[in-house]
Amino acid sequence: MAARLLPAVKFVIKGSLAGAAVYVAYDQGLLGSGTQGAEALRKAQAALPPAIQEWTSYVGWEVRTVQLNTLPPTPKFDFSPSDSWNKGVQTVMSALSVAPTRACEYTVEGWKYVKDLVK
């Protein structure tokens, strides 16, 4: 009985954790628009250093604090996810459109190779 119940309990626990993670991400605005994501990032940047400081003082480690404003700016990339996605979709569709022709060509070449081996 317990052997059959254990997988169900594991599934429920894993599903609950996954659901909770999605709920927290949605609640914090990470799944919303870009402005909501930027606001969530500002909240995390404000809350993270004090939380780390509190945790390290509780554990007894010494951590040097780093001001977030002293970090160098992130590099700017000229990258568009939509252009990359479109290029990937075009490549896949192109490959799928020529697949039957290529399959016929490879089949003919394979038969020729087998015929040459049999001779």
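Key figures
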{"read-out": "Length released on extending from Y106 to I13, taking residue separation times 0.36 nm less the Cα-Cα span", "value": "28.5 nm"}
{"read-out": "Theoretical FRET efficiency, 1/(1+(r/R0)^6), r = Cβ-Cβ of Q28 and V98, R0 41 Å, to 0.05", "value": "0.35"}
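A short reminder: the numbers here are calculations on the coordinates, not readings from a lab. A quick note: this is a predicted structure, and the numbers were derived from the prediction, not measured. For neighbour counting, all protein chains shown are included, and Cβ atoms are generated from backbone atoms with ideal geometry for every residue, glycine included.
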